[in-house]
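Values in this text are rule-based calculations from the coordinates and carry no lab data. Bear in mind that the values here come from a model prediction, so they are computed numbers and not experimental data. Cβ placement follows ideal geometry from the backbone for every residue including glycine, while neighbour counts extend to all protein chains displayed.
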Amino acid sequence: MSAHTRLFISSGQVASLTFLLYEITITFDDEVDIIWAKPNKSWIKWQFLFTRYFALAVQLVNRSIEMAINSDSVMLTGSLKDWYICQVFVGSILITAVELVLMARVYALYNKNIWIGIGFGVLLCGEVVTMIVGVILNIPGDGFQVDTLLLRSPDSFTYVGISAAVSQITILILTLIKYRAAVRGGWSRLPILQLMVRDGTVAFFVLFIVTTMTAVTTIMDSEYTPIGNSWFLSIVASAGCRLIINMHRLPQQSAEPESETNSFPTTVQLTTLYPDLEMYPSSCSGDRSH
């Protein structure tokens, strides 16, 4: 690898880390006010912290290893090979964590429908199986070199990208189906529903583009694929945390007309999956005092 190519790849990866640090900085006040204030039993609190700081930790480790390799430090090839394989597990775990947030929102919209839950469970299991199969089929051989960690991404990223895309498309379709029902039922203007549709759609396009590009560049065996992988970590983590923050930024009281609030289906209980989300208590639980 030429010095120019190595510098370009390194610059792209450092830029992705900088982006993640910038995102953490500008949303840190929200993290303190919204996330830290949650009780320890709140699953969404730990989901947020894991998504954000797991990605940051992996980015820092990757950049440290990259600096060590570029400085010609003595590195154990076997250990680097193991970390190279782990990149697939890291990416899969992170994208799954964000998908869980999206799935929980849709699951709540469908009033915890058991078939929706089973369907999401099948999709998640499918992603795990696909990832494991991909890793097994693409374990690096004895020809693995230290520079491989800088030049290429594991071929099993292709498997992760395809399986994740299937889950993301399913989530989007179910969200749009529910929104269509909301339009027909006259409750599509509820802020909480509009937020879920908006963020769900944006998250779909962001995650779908990132995972698809990761899979495509891996198939093409581009020498710049490692840049995409580092941006994959930063973008996915940022998208997942924004989903959670935006949900809890909603005003505490609904300003929607009385007639529209009443038309919200009484079976939809968003607070069952977001127990500390107290906005729209009457419209979500269906219990109104007269």
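Between VAL202 and ILE245, the distance separating the two model label sites (each 7 Å from Cα on the Cα→Cβ line) works out to 1.1 nm. Electrostatic bookkeeping for PHE48 treats Lys and Arg as +1 and Asp and Glu as -1; over the other residues with beta carbon under 11 Å from its beta carbon, the sum is +2. Near SER222: Cβ cut-off under 13 Å, other residues only, Lys/Arg at +1 and Asp/Glu at -1. The net charge is -2. Taking every C-alpha pair closer than 8 Å and separated by at least 6 residues, the mean separation divided by the residue count of segment 1-160 gives a relative contact order of 26 percent.
Between ASP82 and ILE219, the contour length at 0.36 nm per residue exceeds the Cα-Cα span by 47.2 nm. Lys and Arg at +1, Asp and Glu at -1: add these up for the other residues within a Cβ distance under 10 Å of ILE69 and post the number. Result for the local shell: -2.
Set the Förster radius R0 to 41 Å, insert the Cβ-Cβ distance between VAL32 and ASN113 as r into 1/(1 + (r/R0)^6), and round the FRET efficiency to 0.05. Working from the Cβ atoms, E equals 0.70. Values of log10 I(q)/I(0) for segment 143-245 across q = 0.20, 0.21 Å⁻¹ run -0.98, -1.04, by the Debye formula with one identical scatterer at each alpha carbon and no solvent.
What the phi angles of segment 115-128 give under the Karplus curve with 6.51, -1.76 and 1.60, with θ = phi - 60°, is a coupling list of 6, 5, x, 5, x, 5, x, 5, 4, 5, 5, x, 5, 5 Hz, glycine and proline written as x. Cross-link partners of LYS45 among lysines, defined as those whose alpha carbon lies under 25 angstrom from its own and excluding same-chain residues fewer than eight positions apart: LYS112. Projecting label points 7 angstrom from Cα along Cα→Cβ for THR25 and LEU49 puts them 2.4 nm apart.
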